[in-house]
Structure formats: structure tokens, C-alpha cells
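The values are calculated or read from the model by the stated rules, or taken from the named source; none is laboratory data. Note that the structure is predicted; figures quoted are calculated from it, not measured. So basically every Cβ, Gly included, is an ideal-geometry build from the backbone, and we count neighbours across all protein chains shown. Side chains are part of the model used for accessible areas, which takes the heavy atoms of the whole protein and leaves out ligands, DNA and RNA. Shrake-Rupley method; radii C 1.70, N 1.55, O 1.52, S 1.80 Å.
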Amino acid sequence: RLKAAGVPLSKLPGLVRDARAACEQYMDSCPAYPGIAAVVRTLAQKGLYLAIISSNARENILRFLKAQRLEVFAQVLTAAGIYGKHRVIKKLLLERGLQKNEAVYVGDELRDIVSCRKVPLAVMAVTWGYDDASLLRQGEPDFLVHEPPEILESIAKLNQDSCGLHK
């Protein structure tokens with residue numbers, strides 16, 4: 001992406017810092033994608049353990065969740081650097097005593113899929129986030145989700161095909 005935009009790799013840390021600062025300004029007023037709040041609440045009501053793993057600042061995420069009244073996540077974790085998510089995923093699975101077939105990652109970037117493949121862990125890629133569907137498809141996610149209710153359908157399918165997601 002940097003190469004395509006003509007930006008040297010050495011500028012990446014500054015770009016990440018600036019992007020996080022910009023996000024901070026809008027967390028209280030940024031709307032959730034239509035329908036996602038209902039899906040998240042449904043998952044929480046079903047007793048699923050919900051966690052967020054992001055390269056965004058934890059404070060930004062918490063502010064967003066509070067503004068959206070989505071304070072149903074048991075943990076909000078940040079990945080050090082933009083390529084460290086697989087380590088955080090592995091650590092969370094270990095801490096929770098979960099087998100890889102008892103969890104699923106929902107992400108919006110190709111690098112989320114890549115991180116899950118390193119674990120390995122089932123991954124749902126949502127098309128309304130950072131990367132578009134064609135790029136996500138290249139990563140061959142287990143599920144490519146176009147609208148929030150499809151998350152619930154995909155989880156139901158996972159529960160049929162495996163031991164089920166851990167509560």
C-alpha cells in the first residue's frame with residue numbers, strides 16, 4: 001500500500017501515530033456500521049466471550065464502545081505494531097484455555113486473515129471495513145461477510161461443523 005501510494009516505509013510510524021490521533025478526535029461521534037450493534041449485543045446475550053484485538057489505541061476503542069453503548073466486550077487488546085496480531089490472538093487463546101476450533105476472528109483487513117492463518121484460527125472477513133471484498137477474497141477467509149447478520153449465520157455454521165464456540 002505504501003509503495004502504491006509512493007510513501008517510503010520510513011514514514012509508516014509517523015503515519016500510524018497521525019492516524020491514531022485523528023481517530024481520537026472522532027471516536028465519540030463516529031457511527032457504528034448499520035446493524036453491527038444488534039449483532040454484537042446478540043452475541044453477548046448468547047453468552048459468547050467477546051474480545052477486540054486491534055492496532056488502534058485502546059482508549060479510542062473504549063471511547064467508541066461507550067458512545068455506541070456497546071460495552072459488552074470482556075477484553076480490548078492492542079497489538080504492538082501493525083504485524084503483531086497473531087501473537088495477541090495466540091496469547092488470548094492460551095489465557096482463555098481455548099482450542100482453535102472454539103474461537104473465530106472477525107476482521108476487516110487482509111492482514112487480519114494473514115494473522116489468523118499463522119495461529120491458525122477461523123476468520124470472518126467483513127467487507128464494510130478497511131479492505132474491500134476483492135482484497136479480502138485474496139486471503140481466502142473462512143467466511144466473507146457482506147452484512148452484519150451474516151456474522152450470526154456464519155457462527156451458527158461454525159457451531160454445526162465443530163465443537164462450538166466457547167462461552
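Residues of segment 36-50 that are touching a helix residue (DSSP H, G or I) at 6+ places or on another chain (Cβ under 8 Å) and among the small types (Gly, Ala, Ser): ALA37 alone. Of the residues in segment 63-80, none is farther than 18 Å from ASP108 by Cα, at pLDDT below 95 and among the acidic types (Asp, Glu).
Within segment 51-149, considering only helices (runs of 4 or more DSSP H) that don't extend past its boundaries, which have at least 2 residues that are over 23 Å from PRO34 (Cα atoms) and either out of contact with any helix residue (DSSP H, G or I) (no Cβ under 6 Å at 6 or more places or on another chain) or in contact (Cβ under 8 Å) with a residue 12 or more places away in the chain (or both)?
Here the list reads 85-96, 110-118.
Among residues of segment 14-51 being open to solvent by 80 Å² or more (accessible area, probe 1.4 Å), of a type outside the set (Asp, Glu) and under 23 Å from GLN75 (Cβ atoms), the one that is modelled with the lowest pLDDT is ARG20. Based on this model, can you work out whether LEU93 counts as under 16 Å from LEU152 (Cβ atoms) and either surrounded by 16 or more Cβ atoms within 10 Å (Cβ to Cβ) or of a type in the set (Val, Ile, Thr) (or both)? Considered against the rule, which asks whether it is under 16 Å from LEU152 (Cβ atoms) and either surrounded by 16 or more Cβ atoms within 10 Å (Cβ to Cβ) or of a type in the set (Val, Ile, Thr) (or both), LEU93 comes out as no.
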